[in-house]
Amino acid sequence: MFTPRCAAIAALTCLTALAAPLATAQDKVLNLYSARHYQTDEALYADFTKATGIKINRVDADDAGILTRLKSEGASSPADVILLVDAARLWRAETEGLFQPVKSKLLEARIPAGLRGADTGQGSSWFGVSTRARVVVYNKTSVKRDDVDTYEELADPKNKGKVCTRSGSHPYNLSLFGSVMEHLGPQATETWLQGMVGNMARAPKGGDTDQIKAVATGECQIAVTNTYYLARMMRSGKPDDQQVIDKVGVVFPNQQSWGTHVNIAGAAAAKFAPNRAAAVQFLEYLASDSAQAYFADGNNEWPVVKGVNLTNPALTAMGAFKSETIPISVVGMNQGKVQQILDRVGYK
Ligand SMILES: [Fe+2]
């Protein structure tokens, strides 16, 4: 109802005042703690609300921030669904009891077992929703592709003074190193990381996009990056980004051996989810064809569900590749050892 008095003052204020009590009385809500830092995700959430009428209240923080917050909130946490962007963080949250298992025939059918959390009979503790490969980029004029087509070669003396990366302790790198440890063992991994430190062109700093740009400007010659950062620049209309892309080559490492390291974004129902039914509904939505296509088109990630049509030109251009086949949880299990090695070899 719109009273004459309301009409007399600012209409917007009146609408807000009238709408608020109705919303709390009968609104269906989902409280989402998200570490996905991609603006394009807005459409993903809006589509869910449109389809279900469930309003999403979102808290944005990085993976570590979300875990800290969940722990401090304990049983009174309003969180229903947690979205994280790294397998090791998902594993950590699972082992710290921050998730609750979800049994869903749909999720089991659509998401491969190796991309799900532990299942003790009650369902999986988390679900991978998209994948991203950690690839090598190199300066095409100063580096030969053959010299960087394995992760091992990042530590080879032939690449001395050429390598740059973001911090070794960033989750994307910790997971890559945890994967290397699974394939090579702890001893060889320590030697490898020592070699990488010795090959650095500069101290680790910035994000993955900064490394790609540094390779293009020649500040360094070789870097590692998640594929979606690269794809984002490939699809960008900005001349600066095009110039960067023209200068760098990309290689999916270890195609002749264990395959390229692939990390995931994944989602879970929070341990104390007050809106559990909505949480399960949202998890299932993330595995739907439309949400999966969205991960590919919107943020340049690969779907986890088989048979989803790829219409993203950057992903198509990168082509098919062999990815590693380890269960993704092992990168979490190896993380403590990896961090100790990084401290020993001085990889900041
Ligand atoms: Fe990222």
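Data for the structure
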quantity: Criterion (in contact with a strand residue (DSSP E or B) (Cβ under 9 Å, 6 or more places away or on another chain) and in a helix (DSSP H, G or I)) met by exactly one of Leu83, Leu107, Leu174; calculated: Leu107
quantity: Residue match in the stretch 324-343 (condition: assigned to a helix (DSSP H, G or I) and either hydroxyl-bearing (Ser, Thr, Tyr) or at positive phi (or both)); calculated: no
quantity: Residues being assigned to a helix (DSSP H, G or I) and either open to solvent by 60 Å² or more (accessible area, probe 1.4 Å) or closer than 21 Å to Ala87 by Cβ (or both) - total across the stretch 309-323; calculated: 5
quantity: Some residue of the stretch 2-15 being assigned to a loop (DSSP other than H, G, I, E, B), more than 30 Å from Asp208 (Cα to Cα), away from the ligand (no atom under 16 Å from the Cβ) and modelled with pLDDT of 95 or more; calculated: no
quantity: Any chance Lys213 is at pLDDT 95 or above and within 16 Å of the ligand (Cβ to nearest atom); calculated: yes
quantity: The stretch 217-232 - residue that is among the hydroxyl-bearing types (Ser, Thr, Tyr) and under 22 Å from Thr141 (Cβ atoms) and, of those, least open to solvent (accessible area, probe 1.4 Å); calculated: Thr225
quantity: Filter pass, Pro239 being more than 16 Å from the ligand (Cβ to nearest atom) and over 17 Å from Pro253 (Cβ atoms); calculated: yes
quantity: Index of the failed condition, Trp91 passing every other in (1) crowded, with 23+ Cβ neighbours inside 10 Å; (2) within 16 Å of the ligand (Cβ to nearest atom); (3) closer than 30 Å to Ala155 by Cβ; calculated: (2)
quantity: Among (1) free of Cβ contacts under 8 Å to residues at least 24 places away in the same chain; (2) open to solvent by 50 Å² or more (accessible area, probe 1.4 Å) - the single one Gly123 does not satisfy; calculated: (2)
quantity: Conditions (1) more than 16 Å from the ligand (Cβ to nearest atom); (2) buried (at least 19 other Cβ atoms within 10 Å of the Cβ): number failed by Pro186; calculated: (2)
quantity: The stretch 108-139, residues that are under 17 Å from Asn263 (Cα atoms) and of a type in the set (Phe, Trp, Tyr); calculated: Trp126, Phe127
quantity: Single match in Val137, Val129, Val143 (criterion: in a loop (DSSP other than H, G, I, E, B) and buried (at least 18 other Cβ atoms within 10 Å of the Cβ)); calculated: Val143
quantity: Qualifying positions in the stretch 246-262 - aliphatic (A, V, I, L, M) and under 19 Å from the mean Cα position of the chain (by Cα); calculated: Val262
quantity: Positions within the stretch 63-80 being part of a helix (DSSP H, G or I), open to solvent by less than 70 Å² (accessible area, probe 1.4 Å) and within 10 Å of Lys271 (Cα to Cα), in sequence order; calculated: Leu70, Gly74
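Yes/no per residue for (1) more than 22 Å from Ser257 (Cα to Cα); (2) within 16 Å of the ligand (Cβ to nearest atom); (3) within 17 Å of the chain's Cα centre (by Cα); (4) at pLDDT below 95:
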residue	(1), (2), (3), (4)
Thr141	yes, no, no, no
Lys158	no, no, no, no
Ser169	yes, yes, yes, no
Asp208	yes, yes, yes, no
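The values are calculated or read from the model by the stated rules, or taken from the named source; none is laboratory data. This one's a predicted model, so the numbers in the text were calculated from it and none came from an experiment. All Cβ positions, glycine included, derive from the backbone under ideal geometry; neighbour counts span all protein chains shown. To get the accessible areas, we keep the full protein, side chains included, count just its heavy atoms, and leave off ligands, DNA and RNA. Shrake-Rupley method; radii C 1.70, N 1.55, O 1.52, S 1.80 Å.
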